[in-house]
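Read through the structure below, which is laid out as structure tokens, and then see the notes.
The values are calculated or read from the model by the stated rules, or taken from the named source; none is laboratory data. Keep in mind that what you see is a predicted model, and the values were worked out from it rather than measured. Using ideal geometry, Cβ is built from the backbone for each residue, glycine included, and neighbour counts are taken over all protein chains shown. Calculation scope for accessible area: heavy atoms of the full protein, side chains included, ligands and nucleic acids excluded. Shrake-Rupley method; radii C 1.70, N 1.55, O 1.52, S 1.80 Å.
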Amino acid sequence: MRVGLIGAGNMARALARGWGDPVVCSDGGSGRAAALVDELGGSEASNLEVARDADLVVLCHKPYQLAAVAGEIAGTARAVASVLGGTPLADLRTAYPDTPVFRLMPNTPVEVRRGVVLYARALDIDPELERRVVALFSRIGWVAAIEERLIDVGMALSSLGPAYLSLVAEAQVDAGIRYGLQGDLAGRLVAETMAGTAELLTARERDTLRLRREVTSPGGSTARGLDALERGGLRAAFQAAIDRVAG
Ligand SMILES: NC(=O)c1ccc[n+]([C@@H]2O[C@H](COP(=O)([O-])OP(=O)(O)OC[C@H]3O[C@@H](n4cnc5c(N)ncnc54)[C@H](OP(=O)(O)O)[C@@H]3O)[C@@H](O)[C@H]2O)c1
């Protein structure tokens, strides 16, 4: 399946690096498309050329540019996958009538092929096209279909997660540095621990309570640390963060 990217910003770059193939992409004039082509091979193109060339056009511009870009390529694009935040399928169908459309929500770890890609699709999508789109994105992460009404809350966990978890990591690194750890070492300790914990949680079927109990002795240092995090409002802070997006 030949893929074309409209936009060459953060999300387009993460997707293209994850796939690792020569890329056909456009931009709004910044030169980022040329930089991506320098890195991965392929060709920079106009929006219309991208649409002509591709079996699947992936919209990686900003949400407010939907109508302007559709004005250039609707009718030419054979199938469209949008990663535009907060842009419902109904708006995509209005912008691209008579074109199969998918609404996808990837996260930036697609760049290292450990992404999460949520998707909702229009009801009349050809199952073979859906299979090919799912296969394409499965190369760069775990792909899950989700009811469209839940895509924002799903995104609050997966697409915003890299930023939230980076903040959690940074807070721990800063705390370690205050007690004398070198920044590089502290950063590695935290990142490796996050990666290992993610693997272990998967092996434990995501049973977080079981995993916590395995490392928490009554009255011990983990118990005291967890108590400090609870009293510091960690749960309430994450709830508030999700309320801002999905509430
Ligand atoms: N970042 C994330 O983690 C994430 C996650 C999920 C979904 N998304 C969605 O991904 C989309 C892009 O986000 P981003 O962070 O990658 O933004 P970004 O870095 O600002 O990239 C946007 C890209 O769109 C290009 N563009 C603007 N107008 C255009 C036009 N008329 N024709 C073709 N290309 C045009 C820009 O061109 P220039 O380079 O010339 O400015 C830029 O390359 C957004 O809709 C966002 O909601 C992002």
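Quick notes
- Calculated from backbone phi, Karplus (6.51, -1.76, 1.60) coupling profile of the range 125-141 in Hz, x at Gly/Pro: 5, 5, x, 5, 5, 4, 4, 5, 5, 4, 4, 4, 6, 5, 5, 10, x
- For the residues 36, 129, 92, a GNM of the chain with alpha-carbon springs under 10 Å puts the largest fluctuation on 129.
- Sites matching trypsin sites (Lys or Arg not before Pro) across the range 163-236 that sit in DSSP coil, with at most 14 neighbouring C-beta atoms within 10 Å: 204, 206
- With the largest listed first and rounded to whole Å, the semi-axes of the equivalent ellipsoid of the range 74-154 from the Cα gyration tensor are 20, 15, 11.
- Alpha-carbon radius of gyration plus Dmax, which is the widest Cα pair, for the range 3-149 in Å: 13.8, 39
- Two-decimal log10 I(q)/I(0) for the chain, as the Debye equation yields it once each C-alpha is a single scatterer, q = 0.07, 0.12, 0.15, 0.17 Å⁻¹: -0.30, -0.78, -1.08, -1.27
- Relative contact order of the range 102-185, defined on C-alpha pairs under 8 angstrom at six or more residues apart (%): 31
- Rounded percent of accessible protein surface that carbon and sulfur make up, the range 161-246, 1.4 Å probe: 57
- Estimated 222 nm signal from helices in the chain, with DSSP H stretches of n ≥ 4 weighted -39500 (n - 2.57), rounded to 500: -16000 deg cm²/dmol
- Accessible surface calculations at 1.4 Å, restricted to protein heavy atoms, place the chain at 57 Å² per residue.
- Phi angles across the range 174-184 convert, under the Karplus curve 6.51 cos²θ - 1.76 cosθ + 1.60 with θ = phi - 60°, into 3J(HN,Hα) values of 4, 5, x, 5, 4, 9, x, 6, 5, x, 4 Hz, Gly and Pro given as x.
- Shape of the range 1-72 from the C-alpha gyration tensor: prolate (a/c of 1.5 or more and a/b above b/c, with a ≥ b ≥ c the square roots of its eigenvalues).
- Alpha carbon Rg of the range 161-246, scaled by the compact-globule rule 2.2 N^0.38 Å: 1.19
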